[in-house]
Structure formats: C-alpha cells, structure tokens
Amino acid sequence: MRMKLIIGAAVLLFNLIGLKSRGQEDSLSKKSITLHEVVVQSDTRLRNTKEKRQGADLQISTDQLLESIAGVNMIRRGGYAWEPTVRGLNAGQINVTISGMAIFGACTDRMDPASSYIEPNNLQSIAVSYGANNQTYGSTIGGGFNFKLKQPRLDNEQKITGLAGVGYETNAHSFQTLAALEYSDKRFAVRGNGIFRRAGNYTAGGGKEVSFSQYSKWNGGIGAVYQLAPRHHLYADYIQDEGWDIGYPALLMDVAFAKAKIGSLTYQYKPDNDRLHSWETRWYYNIINHAMDDTKRPKDQVPVHMDMPGTSQTVGFYSEAKWGLDSRNHLTTRLNGYSNRLHAEMTMYPENAAPMFMLTIPDACRDVIGLDVSNKSEVSPKIELIMGVRTEYSGSSIYSAEGKQLLSGIHQGSLNRSHLLLNAYVNGQYRFSDRWMVYTNIAKGMRSATLQELYGFYLFNRMDGYDYIGNPELKNESSWNLGTGARFQKKVITMEGQVFAYLFNNYIAGHPLADYSVMTTGAYGVKQYSNISSAVLYGAEATVLVKPLSFLQVKSTNTYNRGQDVKRRPLPLIAPFRSESTISVIVKGYRFDATPVYSAAQNRVSYEGYGELPSKAFFIMNTGIGKTVKIKPVDLDLNLRVLNIFDSYYYEHLDILKIPRPGRNIEIHATIRF
Ligand SMILES: [Cu+2]
C-alpha cells in the first residue's frame with residue numbers, strides 16, 4: 001500500500017509540474033524528496049535523492065520540513081510559526097502559495113507567515129523555487145514555495161484508507177495527535193484530516209527555560225472530488241487552522257489567537273486531445289484573523305498595554321492549461337488574479353489617560369492580475385530547455401476613509417499605485433553522458449513593494465529595534481538571477497554542486513528618518529522603506545550522496561550565501577556556511593540515523609545598516625531510530641528521535657534576538673496507516 005501512495009504522490013507531482021508528465025525523467029523540475037506522503041521538490045538539481053521517510057514525517061511541523069530543504073533557512077521568533085527564507089530572501093521577496101492560492105499573513109510583526117496555517121497532514125507536496133520560473137504563481141525575485149494540498153483519489157483499490165498517530169516530546173512536554181480518513185468511490189472521493197498540537201515552554205541547552213515559548217493549535221482539512229462526467233472533475237477544499245496562547249519570546253507581545261479559513265473550488269478538464277492536455281481553474285477565498293496579546297507578560301515588560309488585532313482577506317482565481325505543441329514542445333499558460341485586503345490596528349491604554357487608537361496597516365488593498373506562458377522543449381535527447389515569461393499588473397490602494405486620512409498626514413498626493421511587472425526565465429540542461437550533466441538558468445525577476453512597505457504605519461521591527469513607516473514612492477525591486485551547476489553520478493556516489501548570483505536593483509530596505517519620534521516605547525528611531533540602488537547576493541550549494549553498501553547511506557548538504565548592498569554593507573538575515581549530513585543504516589527493518597549539523601559563525605553583519613549582530617558557530621547532533629511493524633490490516637510506524645543529544649546551547653543566525661533553540665529533546669511518534 002505504501003508503494004501505491006508513493007505512486008499516487010508521484011502522479012500528482014507530475015500533474016503539478018505539468019510538462020513533466022510526458023515521462024522525461026530528467027526535466028529541470030525533477031528534484032524531489034519523497035517523504036512518506038509529502039513530497040518536497042525543488043526546481044534545481046540539488047536535491048538528487050528520493051528519500052522515503054515514514055509516517056512520523058506527518059507529525060513534524062511544516063517549519064521543520066521546510067528547514068530540511070537545502071537553501072531554506074528559517075527566521076525564528078520562538079517555538080511556533082517560523083518564517084521561511086530562500087537563499088537569504090524573505091517576506092515580499094518570495095512567494096508563498098497554497099495550491100496556487102495567494103495567502104498573506106495578518107500580523108504586522110510577521111508572527112504568522114502563510115506557512116504557519118498548514119500542516120504536513122494537509123499536504124501532497126512542497127515545491128520550492130529559487131527564482132522566477134513556471135512553478136511560482138506570482139511575480140518574484142527570490143522564488144518561494146507552493147504547498148500543494150493533498151486531494152482524495154477516485155476509484156482507489158482500497159475504498160477506505162487512513163492514518164492516526166500520537167506524538168510526545170520531552171523538552172516542551174509537547175503532545176500531538178493526528179488522523180486522516182479517505183473514502184474513495186468511482187465518481188466520488190473525500191478526505192478529511194485533523195491535527196492537534198500543544199507545547200509548553202521549552203528548555204535551551206544547559207537547562208534554562210525559555211519563557212513564552214508555548215503554543216496550542218488545531219488544524220482540520222476536508223477535500224472532496226466529484227466526477228461530473230468522464231474527464232470532468234470538480235474539487236472542493238477547505239482548511240481551518242486555529243492557534244491560541246502562542247508565545248513569542250523574541251517579540252514584545254504574544255498571540256491570543258491566529259485563525260485561518262482557506263477554501264477553494266476547482267474545475268478540472270482533461271480532454272482526450274493531442275493539443276490540450278489539461279485545463280484547470282480554481283476559485284478561492286481565505287481569511288486570517290490575528291490578535292496579539294501582552295497581558296501575560298510581567299508588568300515591567302509592558303510599559304503600555306496594547307491591543308493589536310489584524311485581518312487579511314484574499315479572494316482570487318487561476319486558470320491553467322497545458323498544451324502539446326508537437327512531440328517536443330509542451331506549453332503551459334496560466335492566468336491568475338487576486339485581491340488582498342489588509343487591516344491592522346493598535347489601541348494603547350496608557351495608565352492615566354484615555355485609550356489611543358490608530359491603524360498600523362491602514363486598510364490597504366492589492367489587486368493583481370498576471371499571465372504566465374512557458375514552454376518546455378526537448379531540443380535533442382541531450383538538451384532540454386524551459387523558457388517562460390510572466391507579465392503582471394499590480395494595483396495598490398487604500399480602501400477606507402480612515403486609512404486615507406491617516407496617510408494623507410504623512411504622504412502627499414494620491415495613494416493609489418499601479419505597477420507593471422515582467423518576469424522572464426530560461427533554464428537549460430545538457431547531458432554529456434549517463435554520468436555527467438550540467439545546467440544553467442537565467443531569470444529576470446521583479447516585484448512590487450508589499451502593502452506593508454508601501455503603507456505601513458509605525459510597524460515595529462524587533463530585529464533592528466526601529467519603527468517602520470511605508471513609502472508609496474517605492475520603485476519595483478528587480479533582480480537578475482544567474483545560476484549554474486553540474487551533477488555527477490556513478491554507481492555508489494552522486495555529487496552535485498551549483499553556484500548562483502542574484503543582482504538586485506532598487507533593493508528595498510529601511511532608511512532612518514531623523515525628524516520622526518517613535519511610537520513604540522524603547523524603539524531606537526523611525527525608519528522608512530526606501531530603495532537602495534543595487535545589491536548582490538551569491539552563494540553555492542553542494543550535495544554528496546554515497547551509498548557504499550545496500551544498507552548504508554551517507555548524505556551531506558552544504559550551503560553558503562553572501563550578500564552586500566551598494567554601500568558594501570552585508571545584507572541582513574543571511575545564513576552563514578552550514579553543513580548537515582545524515583548517515584542512515586537499515587538493519588533488519590530497523591532504521592537508524594545520525595545527523596551532525598555544523599554552522600559557522602556569521603561575522604559578516606552590518607549593525608549600522610541593518611541592526612544585526614554577529615552570531616557564533618555551533619555543532620549539534622541529532623539521532624533517531626524507527627521501525628515499521630505490519631499488524632494486519634495496519635502498518636505501525638514507530639519513531640524515536642533524540643535531537644541535540646549533547647544538550648548544546650545554540651542559536652542560528654536568523655533567530656531573532658538570538659533566542660536559544662531547544663536543548664536535548666526526545667521525540668516519540670507512533671502512527672498507524674491502513
Ligand atoms: Cu502578531
């Protein structure tokens with residue numbers, strides 16, 4: 001049955017990347033890591049192994065799953081809702097979508113990246129892009145993630161399938177339980193899934209408790225497919241995710257609740273036609289409700305009590321068609337559009353005065369419509385070429401009178417902005433022989449400033465300690481993304497290396513404003529988003545996989561990034577050299593693994609420019625043991641992991657305020673599948 005799940009995953013994966021489905025084993029989009037049910041794939045050659053992991057991977061968090069991807073580092077503000085970065089780019093520089101649906105967090109302090117509202121239990125695959133390409137559902141300079149929802153399958157051999165699991169972690173006394181159930185018939189199938197997680201405060205290496213690192217959440221999803229007629233299918237998906245009592249030790253406030261409701265309806269047509277292979281249209285809506293909370297903090301940490309709620313609503317669609325031009329050329333066209341509305345407010349309650357109310361994101365709205373056209377061609381058996389363009393219109397405005405009134409006090413003239421964006425890319429690969437291949441990609445990416453960057457009103461950034469105000473005069477940020485790599489494969493060894501360089505124009509960053517006084521007590525000053533004429537980011541990634549014996553495998557992933565702006569100041573939130581290796585052994589059905597992780601110090605920081613301080617090097621060791629037991633009719637996956645076995649005190653460079661990561665942690669996960 002597991003095999004079938006993997007084949008199912010693979011089939012859907014091929015659908016996801018469209019042109020891949022004609023059986024080209026080595027297309028540019030092939031890189032994937034197959035987890036038990038979640039497939040992580042990226043658009044580079046880097047991730048050249050297919051790892052079959054076990055049910056326990058549905059129990060680890062989306063954040064841990066993302067962190068395991070080469071080139072992905074997480075910005076951490078506590079134990080919950082880490083924010084992903086791709087090769088040092090984050091927030092508006094990358095796109096995060098769920099099955100092509102645009103979704104934006106509601107928090108002004110970046111407490112709730114879109115990835116915090118989905119669970120591995122909801123997912124079929126995670127596609128990672130490192131720049132503009134045919135997998136990103138939007139204009140981008142740094143790529144991003146598309147989380148593909150798991151959909152029920154029609155006419156499954158086994159009518160009812162499912163899973164259930166429990167997990168416990170000693171460090172934060174965290175507990176979780178999850179389940180999924182799928183019913184499959186000839187013309188109708190439905191899948192429901194749910195997870196509950198609760199964690200207390202965790203303890204750093206050495207034994208110090210990290211206050212305000214607790215969280216609780218549940219997530220539930222339901223998906224259904226109905227066959228309207230042969231080749232015509234209707235899909236409906238709904239996810240609800242609710243977190244509460246979430247601590248953020250790196251921030252001034254915690255979260256009372258963070259709620260998301262994400263729904264969509266999809267019509268899919270797969271004609272029996274050489275020209276048009278498939279046509280899929282999705283309509284969607286999502287709403288996020290977020291409320292910060294400082295009432296649990298000690299009085300001396302809260303000079304003025306505040307309420308800071310926010311909402312984000314997005315309604316949108318995409319329509320994607322895949323065409324066969326001839327036997328060698330496969331075309332994908334996609335039209336997508338959405339409208340996002342952000343509202344965030346703050347009410348301060350000074351002790352002996354009347355409450356003060358203000359908007360922090362003053363009812364900002366973005367309307368986007370874009371067209372993608374890409375073609376993949378097999379020029380010869382050795383050469384493959386993917387080329388594409390995206391044009392996008394992006395309009396930004398303020399939709400309420402209060403919002404307009406607030407901003408008219410600091411910005412002159414009309415607040416409406418419209419931007420025309422153009423993304424283009426060429427990816428090519430050449431196979432010298434069965435062993436050697438090389439590939440190269442060039443992309444021109446462009447993005448408009450986010451609504452926070454255009455219209456934000458005193459948004460406090462804990463990283464540099466400044467209040468930020470938006471700038472409607474911001475120009476589009478653009479980049480040239482260049483990359484090239486090679487892959488060598490011979491019997492027991494596979495090696496792959498790639499280098500990349502991103503050249504930015506109009507890089508967006510905060511610029512100090514002298515004459516403004518701060519809103520947040522204790523802030524160092526006020527910055528305004530502005531364009532820096534240019535910046536560069538470059539780096540390298542290398543992976544080695546050795547399989548000397550049938551039961552032994554060693555895989556090592558090494559990454560390095562380096563960036564600086566036109567004033568030669570190092571760019572912020574750039575991870576230092578990092579090396580992670582996994583040694584896996586399988587003996588008599590038992591899976592053992594050991595993972596040493598090393599990170600170098602990061603001394604390339606700019607305190608003047610970006611408020612960053614150097615970070616120390618660290619080394620930690622994780623280890624695990626697992627076994628799958630067949631007890632008819634179920635498979636039972638048992639996993640025990642010991643993370644940070646030496647109980648080292650450490651933090652990563654992207655961890656805000658250098659809040660330490662957890663010390664020794666023993667995880668026990670049990671999952672049954674049927
Ligand atoms: Cu928040």
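Could you check how many residues of segment 173-198 are in contact (Cβ under 8 Å) with a residue 40 or more places away in the chain and over 24 Å from the mean Cα position of the chain (by Cα)?
2
Restricting to segment 181-211, name every residue that is surrounded by fewer than 21 Cβ atoms within 10 Å (Cβ to Cβ) and assigned to a loop (DSSP other than H, G, I, E, B).
ASP185, LYS186, ARG187, GLY200, ASN201, GLY205, GLY206, GLY207, LYS208, SER211 - these are the residues of segment 181-211 that are surrounded by fewer than 21 Cβ atoms within 10 Å (Cβ to Cβ) and assigned to a loop (DSSP other than H, G, I, E, B).
Let me confirm something: among ILE239, ILE262, which residue is more than 16 Å from the ligand (Cβ to nearest atom), over 30 Å from TRP323 (Cα atoms) and crowded, with 16+ Cβ neighbours inside 10 Å?
Exactly one of ILE239, ILE262 is more than 16 Å from the ligand (Cβ to nearest atom), over 30 Å from TRP323 (Cα atoms) and crowded, with 16+ Cβ neighbours inside 10 Å, namely ILE239.
Considering only segment 630-644, state which residues are in a loop (DSSP other than H, G, I, E, B) and among the acidic types (Asp, Glu).
none
Given the condition modelled with pLDDT of 95 or more and within 25 Å of the chain's Cα centre (by Cα), answer yes or no: does some residue in segment 465-475 qualify?
There is at least one residue in segment 465-475 that is modelled with pLDDT of 95 or more and within 25 Å of the chain's Cα centre (by Cα).
Where residues in segment 480-537 are basic (Lys, Arg) and touching a residue at least 24 places away in the same chain (Cβ under 8 Å), which of them is nearest to ILE141 (Cα to Cα)?
Out of the qualifying residues, it is LYS527.
I'd like to verify a number: residues in segment 326-340 that are of a type outside the set (S, T, N, Q) and surrounded by fewer than 21 Cβ atoms within 10 Å (Cβ to Cβ), how many?
Number of matching residues: 5.
Would you check if there is a residue in segment 606-629 being among the hydrophobic types (A, V, I, L, M, F, W, C), assigned to a strand (DSSP E or B), farther than 30 Å from ARG562 by Cβ and in contact with a strand residue (DSSP E or B) (Cβ under 8 Å, 6 or more places away or on another chain)?
Within segment 606-629 (the criterion being among the hydrophobic types (A, V, I, L, M, F, W, C), assigned to a strand (DSSP E or B), farther than 30 Å from ARG562 by Cβ and in contact with a strand residue (DSSP E or B) (Cβ under 8 Å, 6 or more places away or on another chain)), the answer is yes, since at least one residue qualifies.
Filter segment 273-294 down to residues that are at pLDDT 95 or above and polar (S, T, N, Q) and give me whichever is farthest from the chain's Cα centre (by Cα).
Among those that are at pLDDT 95 or above and polar (S, T, N, Q), it is SER278.
I'd like the residue in segment 86-139 that is small (Gly, Ala, Ser) and part of a helix (DSSP H, G or I) and, out of all such residues, is farthest from the ligand (Cβ to nearest atom).
Once the filter is applied, the top-ranked residue is GLY92.
With respect to ILE288, determine if the residue is crowded, with 17+ Cβ neighbours inside 10 Å, within 16 Å of the ligand (Cβ to nearest atom), touching a residue at least 24 places away in the same chain (Cβ under 8 Å) and of a type in the set (A, V, I, L, M).
Taking the combined requirement at face value, the residue satisfies it.
Can you pull out every residue in segment 299-335 that is part of a loop (DSSP other than H, G, I, E, B) and within 14 Å of LYS376 (Cβ to Cβ)?
Matches in segment 299-335: LEU325, ASP326, SER327, ARG328.
On the given criteria, is LEU359 at pLDDT 95 or above, within 16 Å of the ligand (Cβ to nearest atom), outside any helix (DSSP H, G or I) and surrounded by 17 or more Cβ atoms within 10 Å (Cβ to Cβ)?
The answer is yes for LEU359.
State which residue pairs qualify: first residue on the phi > 0 side of the Ramachandran plot and inside segment 245-264, second residue assigned to a strand (DSSP E or B) in any location, beta carbons under 8 Å apart, and separation of 6 or more residues or different chains.
Qualifying pairs under 8 Å: ASP245/TYR215; ASP245/SER216; ASP245/ASP254; ASP245/VAL255; ASP245/ALA256.
With the requirement that a residue be in a strand (DSSP E or B) and at positive phi, what does segment 494-524 give you?
ASN506
Yes or no, residue by residue, for (1) closer than 30 Å to ASP294 by Cβ; (2) touching a Cys at 6+ places or on another chain (Cβ under 9 Å):
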| site | (1), (2) |
| --- | --- |
| HIS343 | yes, no |
| ILE361 | yes, no |
| ARG366 | yes, no |
| ASP372 | no, no |
| ARG390 | no, no |
| SER394 | no, no |
| SER397 | no, yes |
| TYR430 | no, no |
| ASP434 | no, no |
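For segment 66-82, which residues satisfy the criterion of being within 16 Å of the ligand (Cβ to nearest atom) and touching a Lys or Arg at 6+ places or on another chain (Cβ under 6 Å)?
TRP82
Kindly list the number of the only condition in (1) over 26 Å from TYR238 (Cβ atoms); (2) in contact (Cβ under 8 Å) with a residue 40 or more places away in the chain that fails for PHE147.
Just one mismatch for PHE147, condition (1).
Tally the residues that are part of a loop (DSSP other than H, G, I, E, B) and either within 24 Å of the chain's Cα centre (by Cα) or of a type in the set (Val, Ile, Thr) (or both), restricting the search to segment 645-661.
Matching residues across segment 645-661 total 9.
Among the strands (runs of 3 or more DSSP E) contained in segment 214-298, which hold 2 or more residues that are aromatic (Phe, Trp, Tyr) and under 26 Å from THR332 (Cβ atoms)?
By residue number, 254-269, 276-293.
Pairs please, first residue from segment 656-674 and within 30 Å of TYR466 (Cβ to Cβ), second anywhere and modelled with pLDDT under 95 and not in a strand (DSSP E or B), Cβ atoms under 7 Å, 6+ apart in sequence or on different chains.
ILE656/ARG462; ILE656/MET463; LEU657/ARG462
The values are calculated or read from the model by the stated rules, or taken from the named source; none is laboratory data. Just so we're clear, the structure is a prediction, and the values are computed from it rather than from any experiment. With ideal geometry, Cβ positions are generated from the backbone for all residues, glycine too; neighbour counts draw on all protein chains shown.
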